[in-house]
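Structure, as structure tokens:
The values are calculated or read from the model by the stated rules, or taken from the named source; none is laboratory data. Not measured: the values here are computed from a predicted model. Cβ coordinates were reconstructed from backbone atoms using ideal geometry, including for glycine residues, and neighbour counts include every protein chain displayed.
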Amino acid sequence: MTSGGGLRPPAQHPHAAGSLPAACGIGLRAPHVAEILAARPALPWVEVHPENYMGGGPAVAQLEAVRRDYPVSLHGVGLSLGSDGALDQRHLGRLRALADRIEPCLVSEHLSWSIAGGAYLNHLLPLPYTEETLTVVAEHVARAQDALERRILIENPSSYLRFRHSTIAEPELLAALVGLTGCGLLCDVNNIFVSAHNLGLDPVAYLDALPADAVGEIHLAGHAVNDADGHVILIDDHGSPVAAPVWTLYAHALARFGAVPTLIEWDTDIPELGVLMAEAATADRLIASALPIAAAKEGRDAHAA
């Protein structure tokens, strides 16, 4: 199948779709593509924003070259699952064409909206958590999964305000979304930490409220500390190392969810590749510590069954 963006039929790849290793990968950004293709560093997997590759051309050719050596996950920012009205079918079609070509192990998107009246906004905007929101997002997730012919993961956002008329807690809404659509969850631990600080929530209780068997990927990133009229506000800016309390929360996430594929996101003030790999190595050490706990839990569950 060929799209308007000039995408060709998919090639065969050695890494099967749907099988990311239980290790920490990195977000693949433009400054590091040439270095990775030249040096082939020991990375377990990489993740990209599909919107950067939907037009075909040299960028997607480079991504195909990366895909021959590494598993790839597509992390979308443009579907606008929370918008009222129908999904953008052209965007969805281009995403399907790229997924057919690259054969990603996972596809994910955000619990947010970014389109209004046909205008695209360069932000992942928050939603009120109500039954109406749940209905809209569930319908869009189901339609996206049907169009892509694959399960997608939905990421929890970072929050800076609370809608007065929200009636459902965020982790409960995500759990309901899983039940209605069969989607999975992308648990962004930094977003949970940021939201918990800004809104006065318990981040551990948030993690514990998520359906553990639905979590298929974890994100880690840095955040900025800002002063807003004497109040400290955390901003999810992906521009610094993972903060110490986020590592602590991540360890709790691994204890609850098991050794889940994890990603280091770094999108602003992007450092040298070695800095990202060092962050990933820290996550890998925590994952290795979680493996015996996960194996013991599986053994107990099997015995109980």
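A few remarks follow.
- Looking across segment 231-273 at every residue that is under 17 Å from the mean Cα position of the chain (by Cα) and assigned to a strand (DSSP E or B), the one that is nearest to Val204 (Cα to Cα) is identified as Thr262.
- Exclusive hit being without any contact (Cβ under 8 Å) to a residue 40 or more places away in the chain, farther than 19 Å from Val107 by Cα, buried (at least 17 other Cβ atoms within 10 Å of the Cβ) and not charged (D, E, K, R), set Pro171, Pro203: Pro171
- Meets criteria (within 25 Å of Leu125 (Cβ to Cβ) and more than 19 Å from the chain's Cα centre (by Cα)) for Ala228: yes
- Test: residue in segment 53-67 that is at pLDDT 95 or above, outside any helix (DSSP H, G or I) and at negative phi: yes
Here is a yes/no grid of residues against (1) surrounded by fewer than 22 Cβ atoms within 10 Å (Cβ to Cβ); (2) under 16 Å from Arg151 (Cβ atoms):
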position: Gln62; (1), (2): yes, no
position: Val66; (1), (2): yes, no
position: Arg94; (1), (2): no, no
position: Asp100; (1), (2): yes, yes
position: Leu106; (1), (2): no, yes
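- Sole residue being out of contact with any Ser or Thr (no Cβ under 9 Å at 6 or more places or on another chain), under 21 Å from Pro44 (Cα atoms) and among the small types (Gly, Ala, Ser), chosen from Ala175, Ala259, Ala228: Ala259
- The residues listed here are Asp213, Asp229, Asp208; of these, the one that is more than 23 Å from Glu109 (Cα to Cα) and out of contact with any Phe, Trp or Tyr (no Cβ under 8 Å at 6 or more places or on another chain) is Asp229.
- Within segment 246-295, being in contact (Cβ under 8 Å) with a residue 60 or more places away in the chain, over 22 Å from Leu234 (Cβ atoms) and among the acidic types (Asp, Glu) holds for one residue alone: Asp284.
- Odd one out for Asp84, checked against (1) of a type in the set (D, E, K, R); (2) more than 29 Å from Leu220 (Cβ to Cβ); (3) part of a helix (DSSP H, G or I): (3)
- Residue in segment 148-164 that is part of a loop (DSSP other than H, G, I, E, B), within 23 Å of Cys24 (Cβ to Cβ) and among the hydroxyl-bearing types (Ser, Thr, Tyr) present: yes
- Residue count for segment 88-104, restricted to those that are assigned to a loop (DSSP other than H, G, I, E, B) and closer than 12 Å to Ile152 by Cβ: 1
- Residue in segment 181-198 that is more than 26 Å from Arg143 (Cβ to Cβ), hydrophobic (A, V, I, L, M, F, W, C) and surrounded by fewer than 22 Cβ atoms within 10 Å (Cβ to Cβ) present: yes
- Unique residue being on the phi < 0 side of the Ramachandran plot and at pLDDT 95 or above when the list is Ala97, Ala119: Ala97
- Search result, residues across segment 71-81 that are surrounded by 19 or more Cβ atoms within 10 Å (Cβ to Cβ) and in a loop (DSSP other than H, G, I, E, B): Pro71, Gly76, Gly78, Leu79, Ser80, Leu81
- Yes/no for Ile154 being surrounded by 15 or more Cβ atoms within 10 Å (Cβ to Cβ), under 27 Å from Asp237 (Cα atoms), free of Cβ contacts under 8 Å to residues at least 60 places away in the same chain and among the hydrophobic types (A, V, I, L, M, F, W, C): no
- Scanning segment 35-51 for residues that are in a helix (DSSP H, G or I) and within 16 Å of the chain's Cα centre (by Cα) returns Pro50, Glu51.
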